[in-house]
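The structure under discussion appears below in the form of C-alpha coordinates.
The values are calculated or read from the model by the stated rules, or taken from the named source; none is laboratory data. Since we're looking at a predicted model, the values are computed, not measured. Note: ideal-geometry Cβ built from the backbone for every residue, glycine included; neighbour counts use all protein chains shown. Protein only, heavy atoms only, side chains kept; ligands, DNA and RNA dropped before computing areas. Shrake-Rupley method; radii C 1.70, N 1.55, O 1.52, S 1.80 Å.
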Amino acid sequence: MTSTTLHPPVPRAKEPRIRHRAERLWAASPLTVVGLVLGVFLSLFPFYWMIVIASRTNDAANSWPPPFLPGGELGENISRVLANGDASIVKGLMNSFLVAGTITVATVFFGSLAGFAFAKLRFRGKNALLLIILASMMVPIQLGVLPLYILMAKLEWLNTMPSVTVPFLIGGFGIFMMRQYAEQAVPNELIEAARVDGCSTWKVYWHVVVPALRPAAAVLGLLTFMEQWNQFFWPFVVLADPANPTVQISLRSLNTAYFADNSQIFAGTLIATLPLFIVFVLFGRQIIGGIMEGAVKS
(Lines give C-alpha, C1' and ligand atoms only; values in the text may rest on other atoms or scores of the structure.)
Protein backbone atom coordinates (compact mmCIF):
# COMPACT_ATOMS: atom_id res chain seq x y z
CA MET A 1 0.00 0.00 0.00
CA THR A 2 1.11 3.43 -0.76
CA SER A 3 0.46 6.17 1.76
CA THR A 4 -0.36 9.66 0.70
CA THR A 5 1.13 12.53 2.61
CA LEU A 6 -1.05 15.57 3.16
CA HIS A 7 0.82 18.79 2.87
CA PRO A 8 -0.50 22.02 4.45
CA PRO A 9 -1.65 24.59 1.95
CA VAL A 10 0.99 27.05 1.00
CA PRO A 11 -0.06 30.61 1.94
CA ARG A 12 -0.34 33.03 -0.87
CA ALA A 13 2.44 35.54 -1.04
CA LYS A 14 0.18 38.32 -2.31
CA GLU A 15 -2.09 38.47 0.75
CA PRO A 16 0.32 40.46 2.99
CA ARG A 17 0.91 42.89 0.13
CA ILE A 18 -2.80 43.38 -0.41
CA ARG A 19 -3.39 43.86 3.31
CA HIS A 20 -0.55 46.35 3.49
CA ARG A 21 -1.97 48.29 0.57
CA ALA A 22 -5.42 48.35 2.20
CA GLU A 23 -3.92 49.70 5.44
CA ARG A 24 -2.08 52.38 3.51
CA LEU A 25 -5.28 53.27 1.67
CA TRP A 26 -7.15 54.04 4.90
CA ALA A 27 -4.21 55.67 6.69
CA ALA A 28 -4.40 59.45 6.93
CA SER A 29 -1.66 61.28 5.10
CA PRO A 30 0.28 64.10 6.76
CA LEU A 31 -1.51 66.61 4.54
CA THR A 32 -4.87 65.29 5.78
CA VAL A 33 -3.79 65.64 9.40
CA VAL A 34 -2.60 69.21 8.79
CA GLY A 35 -5.90 70.06 7.10
CA LEU A 36 -7.92 68.61 9.99
CA VAL A 37 -5.87 70.48 12.57
CA LEU A 38 -6.27 73.71 10.60
CA GLY A 39 -10.02 73.13 10.31
CA VAL A 40 -10.36 72.54 14.06
CA PHE A 41 -8.35 75.67 14.79
CA LEU A 42 -10.43 77.84 12.47
CA SER A 43 -13.63 76.44 14.00
CA LEU A 44 -12.64 76.93 17.64
CA PHE A 45 -10.75 80.22 17.41
CA PRO A 46 -13.88 82.44 17.15
CA PHE A 47 -15.23 80.90 20.36
CA TYR A 48 -11.90 81.37 22.11
CA TRP A 49 -11.71 84.97 20.88
CA MET A 50 -15.24 85.57 22.17
CA ILE A 51 -14.18 84.38 25.64
CA VAL A 52 -11.05 86.54 25.55
CA ILE A 53 -12.91 89.76 24.71
CA ALA A 54 -15.78 88.93 27.09
CA SER A 55 -13.29 88.59 29.95
CA ARG A 56 -11.56 91.93 29.31
CA THR A 57 -12.42 95.56 29.89
CA ASN A 58 -13.60 97.57 26.91
CA ASP A 59 -10.31 99.52 26.79
CA ALA A 60 -8.34 96.28 26.61
CA ALA A 61 -10.67 94.89 23.95
CA ASN A 62 -10.07 97.95 21.74
CA SER A 63 -6.30 98.10 22.31
CA TRP A 64 -3.63 97.26 19.74
CA PRO A 65 -2.17 94.71 19.64
CA PRO A 66 -5.27 92.90 20.88
CA PRO A 67 -5.05 90.58 23.89
CA PHE A 68 -4.82 86.86 23.22
CA LEU A 69 -5.29 85.57 26.76
CA PRO A 70 -8.48 85.71 28.87
CA GLY A 71 -8.72 88.35 31.57
CA GLY A 72 -10.48 88.51 34.90
CA GLU A 73 -13.52 90.67 34.03
CA LEU A 74 -15.84 87.95 32.75
CA GLY A 75 -18.09 87.93 35.83
CA GLU A 76 -18.32 91.73 35.85
CA ASN A 77 -19.19 91.89 32.16
CA ILE A 78 -21.86 89.19 32.49
CA SER A 79 -23.35 91.05 35.46
CA ARG A 80 -23.52 94.25 33.41
CA VAL A 81 -25.24 92.41 30.57
CA LEU A 82 -27.82 90.87 32.89
CA ALA A 83 -28.46 94.26 34.51
CA ASN A 84 -28.86 96.07 31.18
CA GLY A 85 -32.52 97.07 31.05
CA ASP A 86 -32.41 98.02 27.36
CA ALA A 87 -31.32 94.55 26.29
CA SER A 88 -33.51 92.44 28.63
CA ILE A 89 -31.24 89.46 28.01
CA VAL A 90 -33.00 87.23 30.56
CA LYS A 91 -36.39 87.87 28.95
CA GLY A 92 -34.83 87.27 25.56
CA LEU A 93 -33.41 83.91 26.68
CA MET A 94 -36.77 82.81 28.06
CA ASN A 95 -38.62 83.87 24.89
CA SER A 96 -36.08 82.14 22.65
CA PHE A 97 -36.34 78.93 24.69
CA LEU A 98 -40.11 79.05 24.35
CA VAL A 99 -40.09 79.83 20.62
CA ALA A 100 -37.26 77.50 19.57
CA GLY A 101 -38.45 74.65 21.79
CA THR A 102 -42.05 74.84 20.56
CA ILE A 103 -41.02 75.03 16.90
CA THR A 104 -38.57 72.15 17.33
CA VAL A 105 -41.13 69.82 18.89
CA ALA A 106 -43.77 70.74 16.29
CA THR A 107 -41.36 70.38 13.37
CA VAL A 108 -40.19 66.94 14.47
CA PHE A 109 -43.73 65.72 15.16
CA PHE A 110 -45.44 67.07 12.04
CA GLY A 111 -42.39 66.39 9.87
CA SER A 112 -42.21 62.73 10.88
CA LEU A 113 -45.98 62.34 10.52
CA ALA A 114 -46.06 63.88 7.05
CA GLY A 115 -42.83 62.13 6.05
CA PHE A 116 -44.34 58.77 6.99
CA ALA A 117 -47.46 59.55 4.96
CA PHE A 118 -45.50 60.59 1.87
CA ALA A 119 -43.15 57.61 2.13
CA LYS A 120 -45.45 54.71 3.00
CA LEU A 121 -49.11 55.65 2.48
CA ARG A 122 -51.05 55.82 -0.77
CA PHE A 123 -53.42 58.70 -1.43
CA ARG A 124 -54.45 60.91 -4.31
CA GLY A 125 -52.27 63.86 -5.14
CA LYS A 126 -49.27 62.61 -3.15
CA ASN A 127 -46.70 63.47 -5.82
CA ALA A 128 -48.29 66.85 -6.53
CA LEU A 129 -48.30 67.78 -2.85
CA LEU A 130 -44.67 66.70 -2.53
CA LEU A 131 -43.73 68.91 -5.46
CA ILE A 132 -45.50 71.86 -3.83
CA ILE A 133 -43.55 71.25 -0.61
CA LEU A 134 -40.28 71.12 -2.53
CA ALA A 135 -41.21 74.33 -4.36
CA SER A 136 -41.89 76.07 -1.04
CA MET A 137 -38.30 75.34 0.00
CA MET A 138 -37.05 77.38 -2.96
CA VAL A 139 -38.86 80.57 -1.95
CA PRO A 140 -36.78 82.86 0.31
CA ILE A 141 -38.48 84.01 3.49
CA GLN A 142 -37.88 87.64 2.50
CA LEU A 143 -40.38 87.33 -0.37
CA GLY A 144 -43.18 86.41 2.03
CA VAL A 145 -42.48 89.00 4.71
CA LEU A 146 -45.06 91.56 3.58
CA PRO A 147 -48.11 89.24 3.28
CA LEU A 148 -47.09 87.40 6.44
CA TYR A 149 -46.74 90.70 8.32
CA ILE A 150 -50.21 91.78 7.12
CA LEU A 151 -51.61 88.44 8.30
CA MET A 152 -50.03 88.86 11.73
CA ALA A 153 -51.47 92.38 11.96
CA LYS A 154 -54.97 91.18 11.08
CA LEU A 155 -54.68 88.45 13.73
CA GLU A 156 -53.43 91.10 16.22
CA TRP A 157 -50.34 89.02 16.94
CA LEU A 158 -47.72 91.75 16.47
CA ASN A 159 -45.28 92.06 19.40
CA THR A 160 -46.37 88.65 20.69
CA MET A 161 -44.70 85.24 20.71
CA PRO A 162 -47.28 83.56 18.41
CA SER A 163 -46.13 85.84 15.57
CA VAL A 164 -42.63 84.30 15.66
CA THR A 165 -43.80 80.76 16.49
CA VAL A 166 -46.92 79.79 14.52
CA PRO A 167 -45.61 80.54 10.96
CA PHE A 168 -42.67 78.14 11.48
CA LEU A 169 -44.31 75.18 13.21
CA ILE A 170 -43.72 73.06 10.10
CA GLY A 171 -41.42 73.45 7.13
CA GLY A 172 -40.73 71.76 3.85
CA PHE A 173 -37.21 70.73 4.83
CA GLY A 174 -38.40 68.70 7.82
CA ILE A 175 -41.05 66.89 5.77
CA PHE A 176 -38.65 66.09 2.93
CA MET A 177 -35.88 64.92 5.28
CA MET A 178 -38.15 62.60 7.25
CA ARG A 179 -39.74 61.30 4.06
CA GLN A 180 -36.35 60.37 2.60
CA TYR A 181 -35.27 58.70 5.83
CA ALA A 182 -38.53 56.79 6.24
CA GLU A 183 -38.17 55.36 2.73
CA GLN A 184 -35.05 53.46 3.84
CA ALA A 185 -35.51 53.02 7.60
CA VAL A 186 -39.06 51.64 7.69
CA PRO A 187 -39.50 48.38 5.73
CA ASN A 188 -42.87 47.81 4.11
CA GLU A 189 -42.95 44.29 5.56
CA LEU A 190 -42.84 45.73 9.09
CA ILE A 191 -45.82 47.98 8.40
CA GLU A 192 -47.76 45.11 6.84
CA ALA A 193 -47.02 42.91 9.86
CA ALA A 194 -48.29 45.64 12.18
CA ARG A 195 -51.50 45.95 10.16
CA VAL A 196 -51.99 42.17 10.29
CA ASP A 197 -51.76 42.43 14.07
CA GLY A 198 -54.63 44.93 13.99
CA CYS A 199 -52.76 48.22 14.35
CA SER A 200 -54.40 51.35 13.00
CA THR A 201 -52.45 53.90 10.98
CA TRP A 202 -51.82 55.99 14.11
CA LYS A 203 -50.54 52.96 16.06
CA VAL A 204 -48.30 52.01 13.14
CA TYR A 205 -46.87 55.52 13.20
CA TRP A 206 -46.40 55.67 16.96
CA HIS A 207 -45.11 52.14 17.64
CA VAL A 208 -43.27 51.33 14.40
CA VAL A 209 -42.33 54.51 12.55
CA VAL A 210 -41.34 56.78 15.45
CA PRO A 211 -38.69 54.38 16.90
CA ALA A 212 -37.21 53.88 13.42
CA LEU A 213 -37.07 57.63 12.75
CA ARG A 214 -35.51 58.55 16.09
CA PRO A 215 -31.96 59.18 14.74
CA ALA A 216 -33.26 61.43 11.96
CA ALA A 217 -35.58 63.18 14.42
CA ALA A 218 -32.59 64.00 16.64
CA VAL A 219 -30.72 65.56 13.73
CA LEU A 220 -33.78 67.50 12.57
CA GLY A 221 -34.47 68.68 16.11
CA LEU A 222 -30.94 70.04 16.55
CA LEU A 223 -30.92 71.80 13.18
CA THR A 224 -34.34 73.33 13.84
CA PHE A 225 -33.46 74.49 17.34
CA MET A 226 -30.23 76.11 16.13
CA GLU A 227 -31.99 77.82 13.23
CA GLN A 228 -34.77 79.25 15.38
CA TRP A 229 -32.43 80.22 18.20
CA ASN A 230 -30.33 82.25 15.75
CA GLN A 231 -33.36 83.71 13.95
CA PHE A 232 -33.07 87.49 13.73
CA PHE A 233 -34.80 88.90 10.64
CA TRP A 234 -38.42 87.92 11.30
CA PRO A 235 -38.38 88.67 15.06
CA PHE A 236 -36.83 92.04 14.25
CA VAL A 237 -39.77 92.76 11.92
CA VAL A 238 -42.68 91.74 14.16
CA LEU A 239 -41.29 92.37 17.67
CA ALA A 240 -41.10 96.15 17.73
CA ASP A 241 -41.64 96.29 21.50
CA PRO A 242 -38.15 96.18 23.13
CA ALA A 243 -39.66 94.81 26.34
CA ASN A 244 -40.57 91.51 24.66
CA PRO A 245 -37.51 90.43 22.60
CA THR A 246 -35.87 87.20 21.60
CA VAL A 247 -32.22 86.66 22.47
CA GLN A 248 -30.96 87.89 19.08
CA ILE A 249 -32.95 91.12 19.42
CA SER A 250 -31.47 91.51 22.91
CA LEU A 251 -27.96 91.18 21.49
CA ARG A 252 -28.75 93.85 18.92
CA SER A 253 -29.85 96.19 21.71
CA LEU A 254 -26.35 95.92 23.19
CA ASN A 255 -24.88 97.44 20.03
CA THR A 256 -27.11 100.49 19.59
CA ALA A 257 -24.90 102.96 21.43
CA TYR A 258 -22.63 105.42 19.59
CA PHE A 259 -19.60 103.95 21.37
CA ALA A 260 -19.87 100.16 21.26
CA ASP A 261 -18.98 98.32 24.46
CA ASN A 262 -17.33 95.29 22.87
CA SER A 263 -16.69 93.50 26.13
CA GLN A 264 -20.39 93.68 27.00
CA ILE A 265 -21.44 92.63 23.49
CA PHE A 266 -19.14 89.59 23.55
CA ALA A 267 -20.28 88.68 27.06
CA GLY A 268 -23.89 88.74 25.86
CA THR A 269 -22.92 86.64 22.84
CA LEU A 270 -21.29 84.13 25.18
CA ILE A 271 -24.49 83.91 27.23
CA ALA A 272 -26.54 83.38 24.06
CA THR A 273 -24.16 80.67 22.80
CA LEU A 274 -24.09 78.56 25.96
CA PRO A 275 -27.58 77.01 25.48
CA LEU A 276 -26.62 75.73 22.03
CA PHE A 277 -23.40 74.30 23.45
CA ILE A 278 -25.27 72.55 26.27
CA VAL A 279 -27.81 71.06 23.83
CA PHE A 280 -25.04 69.72 21.63
CA VAL A 281 -23.15 68.21 24.58
CA LEU A 282 -26.27 66.49 25.92
CA PHE A 283 -27.50 65.13 22.59
CA GLY A 284 -24.32 65.18 20.49
CA ARG A 285 -23.72 61.42 20.53
CA GLN A 286 -27.24 60.61 19.38
CA ILE A 287 -27.15 63.37 16.78
CA ILE A 288 -23.81 62.23 15.31
CA GLY A 289 -25.05 58.64 15.37
CA GLY A 290 -28.15 59.70 13.46
CA ILE A 291 -26.09 61.50 10.84
CA MET A 292 -23.78 58.50 10.38
CA GLU A 293 -26.68 56.04 10.24
CA GLY A 294 -28.43 58.18 7.66
CA ALA A 295 -25.24 58.32 5.59
CA VAL A 296 -24.90 54.52 5.71
CA LYS A 297 -28.56 54.01 4.72
CA SER A 298 -28.26 56.37 1.81
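Across the chain, Cα pairs under 8 Å and at least six residues apart give a relative contact order of 30 percent.
Temperature 4 °C, viscosity 1.567 mPa s: under these conditions the Stokes-Einstein estimate for the stretch 85-256, based on its Kirkwood radius over C-alpha pairs, is 73 µm² per second. With all protein chains in place and ligands, DNA and RNA left out, the 1.4 Å accessible area ranks I51, I278 as I278, I51, largest first. For the chain, the solvent-accessible area of protein heavy atoms averages 65 Å² per residue (probe radius 1.4 Å; ligands and nucleic acids excluded).
Panel values: the stretch 98-194, Kirkwood radius from alpha carbon pairs, Stokes-Einstein at 10 °C and 1.306 mPa s, translational diffusion coefficient 105 µm²/s. Residue ranges 175-183, 228-236 sort as 175-183, 228-236 when ordered by packing (mean number of other C-beta atoms within 10 Å per residue, highest first).
Applying a length cut-off of 24 Å (Cα extent along the axis) and a mean Kyte-Doolittle floor of 1.6 to the DSSP H helices of the chain leaves 30-54. For the chain, lysine pairs with C-alpha atoms less than 27 angstrom apart, excluding pairs fewer than eight positions apart on the same chain, total 6. Estimated at 0.36 nm per residue, the fully extended path between I150 and V90 surpasses their Cα-Cα distance by 18.7 nm.
The distance linking the stretch 96-114 with the stretch 24-71 is 34 Å (Cα centroid to Cα centroid, whole angstrom).
The chain gives an Rg/Rh value of 1.15, both radii derived from C-alpha positions and Rh following Kirkwood.
At an R0 of 25 angstrom, the distance between the Cβ atoms of E76 and L282 translates into a FRET efficiency of 0.30. In this structure, F45 and F97 have a Cβ-Cβ separation that, at R0 = 30 Å, corresponds to a calculated FRET efficiency of about 0.60.
For T273 and C199, the FRET efficiency from 1/(1 + (r/R0)^6), where r spans their Cβ atoms and R0 equals 45 Å, is about 0.55.
Between F232 and V37, full extension at 0.36 nm per residue minus the direct alpha carbon distance yields a gain of 67.0 nm.
One decimal place: the segment L130-A243 gains 36.6 nm when fully extended, by the rule 0.36 nm per residue minus the C-alpha distance.
Put the Cα centre of the stretch 125-200 next to the Cα centre of the stretch 204-278 and the gap is 20 Å.
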